[in-house]
Structures are given as C-alpha cells and as structure tokens.
Amino acid sequence: MKIKRFFAPDTRKALRQVQKELGPDAIIISNRQVDDGVEVIAAIDYASELLEHGELDTAQATRMPDSHVPADPAPEAPAAEAAPATPAAPEAAPQAAPAAETPAEPAAAAAADGKPLPLPEDRDLVFERFMKSAKAAPQTPAGSAAQATDQPAAAQTAAAPGATQPAGPAGPNPTAGATAGQAASGSDNAEAVIRNMRAEINKLRGLMESQFTSLHAGQWSQNSPIRSNLLRQLTRLGLSPQYAGQLIASLGDVESRTPQLATRDALARLTEEIKVTGDDILRQGGSVVLLGPAGAGKTTTIAKLANRYAKLHDRSDVILVSTDNHRVGAHEQLLAYSRLLNIPVLRARDDAELEQILIATADKGLVLVDCGSLTQQDLRQPERLPSLRIQAPRPLRHYLVLPATYQIPTQERVLSSLASHLAGCIVSKVDEAANLGGALTATIRTGVPIAYWADGPKVTAHLHPAEPRHLLAKAVAMVRNQDFVPDEDPAGARPEAGRPLTQ
C-alpha cells in the first residue's frame, strides 16, 4: 500500500495532485485545514482491513506487517486445510469492507476533475449496492481463501445442508443445538457487517455533504453571479441562508434574467410564501389567548388590541383577563392599561377561576386573556398550559407574541413547539430588531401565519394587520441604510412602513 500526503492552497488543487500522482483509483483517507491551506492524505493499493472504522492511521499503516495483506490461495490446498480449527480472532475485518472504495473513488475523481460532488440521491444508490453486497457476502462459496480465513471450518461445513463435520482437533461432531447456535452466530456476524458498512457510508456521506456545502457558495459566485447576488441580498434582509438558497432554487433559471428582474421575481416569490390571517381578531372577536416568552410584549399587545376593538365597537364589549400570577407587577400593569383605556379587567388566580370568567363573559364581543410567560417546560409539554385544558363555552384561539429581536433558531423552536395549538402569531418589537427576515423565515418554515406586527410601545398606535406586501416593504425599508434598495418591489409601491401598500 502506498500512502502520500499532499499540501495545496485549497481542496480542489489538492485533489488534482492526488489524481496526477496516484491516479483515479486513489482513495482520500483524510483532509484537514492547515495554516497554508489544506492537507490531504491519500492511498492506493490499500488493504480493506485498514478501513474497519472508516479512518486510517498513517503511523499504523507504515508498520503494518505483511500478514495483513491477503495472500493468494494455494491451488492444491483443500478447503479443510485452509480453514483454522479454531475460530479466527474477532479482529478480522468484515468481508464486504473492500466495497467501501466504490463511493470514494468516483467522489475523488469527480472532485479532482473539477466536477461537483455527487448529490445525496446518488449516494443512496451506492448505499443500496453496499447493502446488497453485504447481504450476499455470507453466501460466498466456502472454497475462497477469504472465507477460509474469516470463518471456522466447522461453520463452513455446517452451512451446507446434510453435510457432516469430520472429527478433528476441535473435537467430535457438534449436536443439533450447537449447529443452530453457529447459524445464529453467523447471522449476528452478517448483521455486524451491515452495521459497520452503514456506519462507514454515513461517515462518507457526512464528509461529502460538508465539502459540497462549503463549495456550494463558491460555485455560485464563480458560475452564477446573479444567484450569488440574490443570495447576498436575501440574507441581508435577514432570511436564513438555507431558506434563501431554497427560495432562489425555486426560481428556476435566473441566468437569463437581468439582476433587477431576478430580484423582483425573488421578492415576489417571497411575498407568496408569507402566510397571514388578516385582521381576524378584531373582525371575529371571541375569546383570544396571548402566549409568549418573557419580555415579548404580551400585555402591551393586549392593550393595543383592546384599544382598536373599542374604537370599532363598544368599550363595554371588551374584557381583559389577567392570569399571570408569577411575574411581579403583571396584574398591575394590565390594570394601568385598563384605567387608561376605560376597559374592565378581571383576575384569574387558577384554572377554575379562568374557566368561570370565560363562562361569565361568553356574551362579550372580545375577551383577551393575558397568560404568564412561557417556560422551557411549557415548550416541551405545551398541553400542560391552563388555557388548553379548560372547557370554555366558545373556542379559545391562541396567538403567540413573537419578538422580532430573537434569533431564527429560537423563533423556530418556540413556533414549532406550539404550532399545532396556534391560530397565528403577532410579531412584536419590530422597531427594536435589526431586520424582519428572521421572523419571516421562522413563520414560513413552521407554517404559522402572521396576524399582526407591532413596531412601537404606543398603546393607541403601532399595531398593523399583517399583509404580505406590507411586511416585505417593511423588511426592505429596515435595511434601506445598508444599500439594499431593489429597483422595483413586487407590489410596485414605495417601501414605507406605517401605511398600507397600494397597487
């Protein structure tokens, strides 16, 4: 076996060196980042036993004795003599391990030629071929030298139906129970071979996916400037790179379009992805429960909704309910808003009182319930929330108050934990956030529609019904100072917040 170490400024050049010096049959053992670039270790004429754990120790390879290399079987030696009388040591490598070179060779050759690495679908086909070869491995004829080395002669003889095992140094013929035990042991060995191969394939898949991901953006920059520019602009809006890449891929062929047209199409597709509920709380009324983490602005949002509903209808038709008995001053804050708006507020100290209040206020146009802050246990077990356990005379609609200042992973975690119980969400603290793309990404990927968004602390204002064009115009306006002003937005309107967009 020949092992060689290569150094290059990047992986592509290193793989070209491997192909040039070792040929297309070389296998990439490892690669890592160094100070001057990358280091790649490759091998050719490698022994399958060295790939038992998916990695190869170069120090161990240099001092590997010749006995590890399988020798050609002697033509005149019978199978019974080639097999040892006692079981082989458990360190013997799986029979199907040499098949690991199948996915590695095309991957190294393709990368060295400058072609993109194979996609996961191609590796799935390779994985299926590996599984078939592994299942067929125990059925290899007993005359091969590899099987004679890896399996005892007794097990080979017992595999043939009706065969008798000759007496030898190992002892007399085994009983039927021992034969069954050997068969079970052979089945366990086959299962172990499959598990080892599956682990090796998973390691290879992870390596190829990581390299493909790192080269993906570079390939876009070199081969598709328009896609690269779109990705940069969408990520500046605050969208996650993964979702921005999916959005660009859904546009199809963007190379035939101008940058302005491609940007317009991307924003138009983003507008179609945004889901909203409209002004449903103020139009439908009913019993509404607001959930949210600590500091999300639930109490302020309730006051804004109550004020707008009171202007559209009658103030006596609105009831505020406080159930937050843990946060200091929570009830007092809602009571101060009720005095400011001249709207009554009730306090529920437990689930029974909340159920009685909802029964007593069933004839009111709008009942707004202010719940306590969500905890980690509430996110893990949302069914334990009091508003989800009580029996109300009319359905309770739950809305999540989601701060726009949260990071995308946190927003997605909160939304995904409660998605099945939510009628929508209200994006709060937009005025304090750097961008609006994070909230848009989280709501699109979790499928939770947006009902309202708030961009200020003023109770009598700063609450807007969610409209896709309006949300996108606000997102563009928030990064306007970062030189992200598209020549044309999908609605044909100026990106100004605080007013509805018109055609």
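The values are calculated or read from the model by the stated rules, or taken from the named source; none is laboratory data. Computed from a prediction, not measured in an experiment: that's the story for all the values here. FYI the Cβ positions are ideal-geometry reconstructions off the backbone, even for glycines, and counts take in every protein chain you see.
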TODO: Considering only the stretch 312-325, state which residues are modelled with pLDDT under 90 and of a type in the set (D, E, K, R).
DONE: 314, 315, 324
- [ ] Take the stretch 320-339 and flag every residue that is under 21 Å from residue 462 (Cα atoms) and either buried (at least 22 other Cβ atoms within 10 Å of the Cβ) or of a type in the set (Val, Ile, Thr) (or both).
- [x] 320, 334
Task: Positions within the stretch 21-36 being more than 23 Å from residue 203 (Cα to Cα) and touching a residue at least 24 places away in the same chain (Cβ under 8 Å), in sequence order - done: 36
- [ ] Within the stretch 301-352, track down each residue that is of a type outside the set (Gly, Ala, Ser), more than 43 Å from the chain's Cα centre (by Cα) and over 23 Å from residue 386 (Cβ atoms).
- [x] 311, 312, 313, 314, 315, 317, 339, 340, 341, 342
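Do we find that residue 408 is within 18 Å of residue 303 (Cβ to Cβ), out of contact with any Pro (no Cβ under 8 Å at 6 or more places or on another chain) and crowded, with 19+ Cβ neighbours inside 10 Å in this structure?
Values: within 18 Å of residue 303 (Cβ to Cβ): no; out of contact with any Pro (no Cβ under 8 Å at 6 or more places or on another chain): yes; crowded, with 19+ Cβ neighbours inside 10 Å: yes.
Criteria not met by residue 408.
How many of the residues in the stretch 302-343 are of a type in the set (Val, Ile, Thr) and in contact with a Gly (Cβ under 8 Å, 6 or more places away or on another chain)?
In the first step, residues of the stretch 302-343 are kept if they are of a type in the set (Val, Ile, Thr); the result is 302, 318-319, 321, 323, 328, 343.
Filter again for in contact with a Gly (Cβ under 8 Å, 6 or more places away or on another chain), leaving 318, 323.
Residues meeting the conditions: 2.
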Open item on the list: Looking only at the stretch 244-300, count every residue that is touching a His at 6+ places or on another chain (Cβ under 6 Å) and either among the acidic types (Asp, Glu) or part of a helix (DSSP H, G or I) (or both) and tell me the total.
Closed with: 0
Open item on the list: When the residues of the stretch 358-387 are narrowed to those that are crowded, with 19+ Cβ neighbours inside 10 Å and under 16 Å from residue 300 (Cα atoms), which ends up farthest from the chain's Cα centre (by Cα)?
Closed with: 367
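Tally the residues that are assigned to a helix (DSSP H, G or I) and either without any contact (Cβ under 8 Å) to a residue 12 or more places away in the chain or under 21 Å from the mean Cα position of the chain (by Cα) (or both), restricting the search to the stretch 414-447.
First, pick out the residues of the stretch 414-447 that are assigned to a helix (DSSP H, G or I): 414-421, 430-432, 437-446.
With either without any contact (Cβ under 8 Å) to a residue 12 or more places away in the chain or under 21 Å from the mean Cα position of the chain (by Cα) (or both) added as a condition, the list becomes 414-420, 437-446.
So the count comes out to 17.
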Open item on the list: Which residue is surrounded by the most Cβ atoms within 10 Å (Cβ to Cβ), if the candidates are limited to the stretch 240-257 and must be at pLDDT 85 or above and of a type outside the set (Gly, Ala, Ser)?
Closed with: 248
